[in-house]
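This report concerns only the one structure given below.
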Amino acid sequence: MLRYVLTFLPWIVFSVLSTNGEARYGAGAGLLVSIVLLVADRRAGRGWDEIVLELSSGVFFAALALVAFTVTPAPFGAYGPAVSVGWLALTAWGSLAVRRPFTLGMARRSTTPEVHATEIFYRVNAVITTVWAAAFTLSAVALALLLAFEPQATAALVTVKVCGLALPALFTVRYPRIVRARYNAARYNAA
């Protein structure tokens, strides 16, 4: 679970520091955190497929920081939170489109090489990535609607942001256990 918190740390920092349509400091801080995480990940020996979201975060914050410090008014205005989560949705859906769910690399760290080659390993990660993609998409839409119609609804905005990360994270932890239990039960019943 800590790994997921670190993966989303640039987004958390951005979310905290980007207020009232001001994205400059949040984008700069998000970029700095992204760079630190990418360097730490590569030094720890993580492959590029293990850090897809970190790479995507770095690209997003580099582009946003460049634009935010050179364009006035700030890009996206009050819709920055919705756009940033939308970027995560595009990253997740894109990884599914190229049949490389972004969770595959992370999941390889906690499983054996024999498991990596199985179709079920791919399917579990495709389902998990789909849940993340759907959560990001729903969060982006909900944030855009809230920002358009109830921009002062701080509690609702925070709730959408937290649920948009916490619920798929919980699913990510639980779903492989459920699949493993079903698989073991089926093997036991077949024997």
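Residue by residue, here is whether (1) out of contact with any helix residue (DSSP H, G or I) (no Cβ under 7 Å at 6 or more places or on another chain); (2) open to solvent by less than 20 Å² (accessible area, probe 1.4 Å) holds:
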residue: 16; (1), (2): yes, no
residue: 34; (1), (2): no, yes
residue: 46; (1), (2): yes, no
residue: 53; (1), (2): no, yes
residue: 69; (1), (2): no, no
residue: 72; (1), (2): yes, no
- Task: From the list 144, 68, 82, pick out the single residue that is touching a residue at least 12 places away in the same chain (Cβ under 8 Å) and more than 28 Å from residue 36 (Cα to Cα).
- Result: 144
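For every residue, the table says whether it meets (1) outside any loop (DSSP other than H, G, I, E, B); (2) without any contact (Cβ under 8 Å) to a residue 24 or more places away in the chain.
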{"site": "101", "(1), (2)": "no, no"}
{"site": "111", "(1), (2)": "no, yes"}
{"site": "122", "(1), (2)": "yes, yes"}
{"site": "126", "(1), (2)": "yes, no"}
{"site": "131", "(1), (2)": "yes, no"}
- Task: Provide a single number: the residues in region 41-61 that are over 17 Å from the mean Cα position of the chain (by Cα), in a helix (DSSP H, G or I) and either within 25 Å of residue 132 (Cα to Cα) or among the hydroxyl-bearing types (Ser, Thr, Tyr) (or both).
- Result: 1
- Item | Search result, residues across region 147-173 that are buried (at least 16 other Cβ atoms within 10 Å of the Cβ), within 20 Å of residue 103 (Cβ to Cβ) and in contact with a Ser or Thr (Cβ under 9 Å, 6 or more places away or on another chain) | 164, 165, 172
- Residue satisfying condition, being of a type in the set (Ser, Thr, Tyr), open to solvent by less than 50 Å² (accessible area, probe 1.4 Å) and out of contact with any Asp or Glu (no Cβ under 6 Å at 6 or more places or on another chain), within set 183, 188, 122: 122
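The values are calculated or read from the model by the stated rules, or taken from the named source; none is laboratory data. Since the model is a prediction, treat every value here as computed from it, not as a measurement. Ideal geometry is used to build each Cβ from the backbone, glycine not excepted, and the neighbour counts take in all protein chains shown. What goes into the accessible areas is simple: the full protein's heavy atoms, side chains included, and nothing from ligands, DNA or RNA. Shrake-Rupley method; radii C 1.70, N 1.55, O 1.52, S 1.80 Å.
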